[in-house]
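S.K.: Sharing a structure below in structure tokens format, with a few things to ask.
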Amino acid sequence: MNKEEVLNKLKNQGRKVIILRGLPGSGKSTFVGDLEGLLGPYGAVSEDLQVCSADHFFVVEKTGDYQFNPHLLKQAHASCRDNFHYWAAKRGPKKPIYLVVDNTNTSMKEMDFYLKEADEYRWDVVVITFNTDIDTSIRRNIHGVPPETIIKMNEKLKNYKLPEGVEHYTIDT
């Protein structure tokens, strides 16, 4: 499927947790921007969409600069899980329609928390896998992930089978 077909499938489907999977540089965050575009003009803040990403931990609040520190990855992922829990459990008129997990999610270990929380709070789940070749990922990688790590991530991504019954789409980028 291409990106536009997936976006059209998601449009007006109701509350969804959207778990993005893919190598660094595969287009996950760009997809989030396109999803935002479905909800209104680009740049407009929508309460209908909340994005949980370990990357957000590395953005300097005052400047908006991205300052990745691999030594803080565990803290970044803990922060992402905390944000996800907050929004997944949210009740009332300001709960989002789309709750997006924008991380690599190459293994069940990485996705398990989000799948369990979505189930607990009765969210429908869709998983979107972004297929990107290793050379493209290495070239687009802005996080300083070493090429040998990207190769290992690619193996996990390709060899992992999603749980049965989870709605899943694949986008080649």
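The values are calculated or read from the model by the stated rules, or taken from the named source; none is laboratory data. Note that the structure is a prediction, hence the values are computed from the model and not measured. Methodologically, a virtual Cβ is constructed for each residue, glycine included, from the backbone with ideal geometry; neighbour enumeration extends over all protein chains shown. Note: areas computed on protein heavy atoms with side chains; ligands, DNA, RNA excluded. Shrake-Rupley method; radii C 1.70, N 1.55, O 1.52, S 1.80 Å.
S.K.: Order of 13-25, 89-101, 156-168 by packing, highest average Cβ count within 10 Å first? Working shown, then result.
M.R.: Values: 13-25: 20.8, 89-101: 15.6, 156-168: 12.3.
Listed from highest to lowest mean packing, they are 13-25, 89-101, 156-168.
S.K.: Keeping all protein chains in place, calculate the accessible area per residue for the range 1-130 (probe 1.4 angstrom), answer in Å². Kindly include the intermediate steps, with their values, before the conclusion.
M.R.: Details: 6870 Å² over 130 residues.
That works out to 53 Å² per residue.
S.K.: Taking all protein chains as present, what is the carbon and sulfur share of the accessible area of the chain, in % to the nearest whole number, probe 1.4 Å?
M.R.: Percent of accessible area from carbon and sulfur atoms in the chain: 50.
S.K.: Run the paramagnetic zone check for His56: 7 angstrom along Cα to Cβ, then residues of the range 99-140 with backbone nitrogen under 12 Å.
M.R.: Answer for the range 99-140: 99-103.
S.K.: Please compute the length gained on full extension between His77 and Lys94, using 0.36 nm multiplied by the number of residues separating them and subtracting their Cα-Cα distance.
M.R.: 3.7 nm
S.K.: Roughly how far apart, in whole Å, are the Cα centres of the range 51-77 and the range 3-25?
M.R.: A separation of 23 Å, based on Cα centres.
S.K.: Now a separate question. Averaged over every viewing direction, what's the projected area of the C-alpha convex hull for the chain? Give it in nm², one decimal, please.
M.R.: Average of the hull's projected areas for the chain equals 10.1 nm².
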